[in-house]
Each structure stands twice: as C-alpha cells, then as structure tokens.
Amino acid sequence: MTDTTNPRTTNPRTTNPPTTTALVVGATGTTGRRTAAGLVAAGCRVRAAGRSATPLPGTEPVRFDWYDPATHAGALDGADRVYLVPPVGDPDPAAVMLPFLRLARAAGVERAVLLSSSAVPEGGPAVGLVHAALPGLFDAWAVLRPSWFMQNFTGTHAHAESVRSHGTIPTAAGDGRIGFVDAEDIATVAVRALLDDRAPDADVLLTGPQALSHDEIAAVLTEVTGRPVTHQRLSYEQLRDRLATQVAPEFAAMLAGMDLAIAEGAEDRTTDTVLRLTGRPPTGFRAVAERELAART
C-alpha cells in the first residue's frame, strides 16, 4: 500500500536560517539521539533535553522532565522548533504535553514535529489527542507515525532483551505482518520536517521496505546472530498480564490490544514515504540487524 498523505517528492534540502535552534525532547532515546545528530550535522543549534541532561556531541544538554513543569521554560529558551517524544508508558500523555505545547507556542516555537505511531490516528487514544491539537497550536507541524521500530529487536526494548536472554520474541500478534522501520530512517525524516521550510504540514506514515511477521523476524535474527531465536505466541491475556508487570495496567491492555490488531492485519502495509522525503529507499531489517548487532559487540 502506498502512502498518499504527503505529496512532496523532492529530495531533502533544508532552508533554515543559521540561527535555527531546535529543542529535541527525549534526546537520548531511540529516535531522539539520531534526530539530534542529524540536526547538528545540518548546522542547527540543538538543545538536547532529557531528565539527566546527558551530553551529546555538538548539542547543549538541558534538563527536561515531562512531569516537572519547572524544567519546561528553561528547556525552551531560544528554541524556534521542537521534536517531541511523548512520555513513555503514559496512557494519557496529553495531560502533560498540551500545557507544555501551549507554553512552547507562547515562547516563540513555530514548528513542532511529534513522534506518534502508525497504530494511533489523529484524535485516537493516548498521543492521538496531542496529534489532533498540534495544527491549532503551531504555524508549521508534522506528526510522524512510524510502524514498529526495527531497533526493538536489537536495542534496549523488551523484545531485544528477551532475544538476548531467552532467544524468544513473545507477542500476541500471531501471523500478522508489520512494516518494521529503521529508527535511522525516522530520524532522517524528522530532520527534514524540522528544518525544511518547504515541508508541508502533514500526517506522515513511515514503514520499512517490506512487511514481516515475527516468525520472519526471528528467522533473520537466527541467521544474523548464529543463535536460535523463535517467536513465542501468546494470547491477549497472557501478553497483557506480562506487560502489566512493566507498565500501568491500562497501558498494558492497550499494547496487548495493538498486537491483536496486528494479528488481524492492521499493520500489514508499506509506504514510499521514506524514499520520497529522503531521496533514498528505507533500510531493510537484515541490514539493520547486521549493523546494530555489530555495533553492540
């Protein structure tokens, strides 16, 4: 399936002035640190926001906590655009995000790029409410709705930990396929959305080059790592209860429900968005697994 939400077909080229300052919320996370690095490479001043104010090359570390409003104004100082990663595991992120976004607008932020999910439409649950509010708050905006990250199997995600510890990927997704996407590709699109003044306001659906089942993911990981990896098939209830030991019960139920939707085909799709917006095709899972796992050894 081809994404038609964004008709731009030009290669990425930024038109931002040298004084551009971007606040990257969640700057040490999977997409945040990659986006921050891309912005620095493009010559943008980057304020890297996180709870620990961890230094990143070429950035200005600033302390930021979604749940500590006292950190918000200082983080926004001088920023005219912002990359937003919602608070992890919060079933109602709008409660803390919308007050911050109103403050950001009042402080002079003109462009906002929100990381959402392919499974959450505008006005939908959780971050979908933030998505719906964005156009009324900022002169320029984009909502990136990537499919599941390929890095879920190679980084610090629970799936990756399970692969390393037990050689299993526990899901309730059955035979459902997902257009898994490389976080590097997401970050490249995020940089363009933040810096290119020609980029239109858009709801952007991002996937990798092919939709894969968890059995196929496990087979690739087996080949790349040289160790057996299998897909552990769980029921909705089993997955929900397992996740409830890690996140709030209502959030666990929502995540388990997403797996059921995957089983029914909700994520069995690919888009050409990465190619159209970056000028290069999206990276395949085998290449990402080889790259990411080699970097960890």
* Tell me which residues, restricted to the stretch 33-70, are closer than 25 Å to Ser117 by Cβ, part of a helix (DSSP H, G or I) and not aliphatic (A, V, I, L, M). => Arg33, Arg34, Thr35, Gly38
* To do: Name the single residue, out of those in the stretch 176-199 being assigned to a loop (DSSP other than H, G, I, E, B) and touching a helix residue (DSSP H, G or I) at 6+ places or on another chain (Cβ under 7 Å), that is farthest from Val274 (Cα to Cα).
  => Gly176
* Structure fact -> Scanning the stretch 100-131 for residues that are small (Gly, Ala, Ser), at pLDDT below 95 and surrounded by fewer than 19 Cβ atoms within 10 Å (Cβ to Cβ) gives Gly124
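Can you tell me which residue among Arg81, Arg45 is surrounded by fewer than 19 Cβ atoms within 10 Å (Cβ to Cβ), at pLDDT 95 or above, closer than 18 Å to Arg192 by Cβ and in contact with a strand residue (DSSP E or B) (Cβ under 9 Å, 6 or more places away or on another chain)?
Working: Arg81 fails: surrounded by fewer than 19 Cβ atoms within 10 Å (Cβ to Cβ).
Just a single option satisfies the conditions, and that option is Arg45.
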* Breaking point among (1) over 23 Å from Phe64 (Cβ atoms); (2) out of contact with any strand residue (DSSP E or B) (no Cβ under 6 Å at 6 or more places or on another chain); (3) crowded, with 21+ Cβ neighbours inside 10 Å, for Met97 -> (1)
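It is to be established whether one or more residues within the stretch 200-214 are under 23 Å from Pro282 (Cβ atoms), in contact with a His (Cβ under 6 Å, 6 or more places away or on another chain) and not in a loop (DSSP other than H, G, I, E, B). Please lay out each step first, then the result.
Applying the first criterion (under 23 Å from Pro282 (Cβ atoms)) to the stretch 200-214 yields 200-214.
Remaining after also requiring in contact with a His (Cβ under 6 Å, 6 or more places away or on another chain): 214.
So of that shortlist, the ones also not in a loop (DSSP other than H, G, I, E, B) come out as 214.
Looking for residues that are under 23 Å from Pro282 (Cβ atoms), in contact with a His (Cβ under 6 Å, 6 or more places away or on another chain) and not in a loop (DSSP other than H, G, I, E, B), one finds at least one in the stretch 200-214, hence yes.
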* Close pairs from the stretch 203-229: first closer than 30 Å to Gly279 by Cβ, partner among the aromatic types (Phe, Trp, Tyr), Cβ under 7 Å, at least 6 apart -> Gly208/Phe180; Gly208/Phe285; Leu212/Phe180; Leu212/Phe285; Ile217/Phe153; Ile217/Phe285; Val220/Phe285; Leu221/Phe153
* To do: Can you tell me which residue among Pro121, Pro200 is outside the structural domain of Ala218 (by TED's automatic domain parsing), touching a Gly at 6+ places or on another chain (Cβ under 9 Å) and not hydroxyl-bearing (Ser, Thr, Tyr)?
  => Pro121
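For the stretch 112-133, indicate whether the set of residues that are of a type in the set (Asp, Glu) and more than 24 Å from Asp272 (Cβ to Cβ) is non-empty.
Kept after step one, since they are of a type in the set (Asp, Glu), are these residues of the stretch 112-133: 122.
From what's left, more than 24 Å from Asp272 (Cβ to Cβ): none.
No - not one qualifying residue is present in the stretch 112-133.
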* State the number of residues belonging to the stretch 247-297 that are in a loop (DSSP other than H, G, I, E, B), free of Cβ contacts under 8 Å to residues at least 60 places away in the same chain and more than 22 Å from Thr156 (Cα to Cα). => 1
* Structure fact -> In the stretch 115-132, anything of a type in the set (A, V, I, L, M), farther than 22 Å from Ala211 by Cα and in contact with a helix residue (DSSP H, G or I) (Cβ under 6 Å, 6 or more places away or on another chain) is listed as Leu129, Val130
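For the condition closer than 21 Å to Val120 by Cα and buried (at least 18 other Cβ atoms within 10 Å of the Cβ), what is the one hit in Ile178, Ile169, Ile217?
Values: Ile169 fails: closer than 21 Å to Val120 by Cα; Ile217 fails: closer than 21 Å to Val120 by Cα.
Going through Ile178, Ile169, Ile217 in turn, the sole match is Ile178.
Kindly indicate whether any position in the stretch 132-150 is of a type in the set (S, T, N, Q) and either surrounded by fewer than 19 Cβ atoms within 10 Å (Cβ to Cβ) or under 24 Å from Ala22 (Cα atoms) (or both).
Taking the stretch 132-150 as the starting set, the residues that turn out to be of a type in the set (S, T, N, Q) are 147.
When the remaining residues are screened for being either surrounded by fewer than 19 Cβ atoms within 10 Å (Cβ to Cβ) or under 24 Å from Ala22 (Cα atoms) (or both), the result is none.
Checked the stretch 132-150: no residue is of a type in the set (S, T, N, Q) and either surrounded by fewer than 19 Cβ atoms within 10 Å (Cβ to Cβ) or under 24 Å from Ala22 (Cα atoms) (or both).
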* at pLDDT 95 or above and either aromatic (Phe, Trp, Tyr) or assigned by TED's automatic domain parsing to the domain that holds Ser162 (or both) - does that describe any residue in the stretch 245-252? -> no
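The values are calculated or read from the model by the stated rules, or taken from the named source; none is laboratory data. Nothing here was measured: the structure is a model prediction, and the numbers come from that model. In this analysis, Cβ positions are derived from the backbone assuming ideal geometry, glycine residues included, and neighbour counts consider all displayed protein chains.
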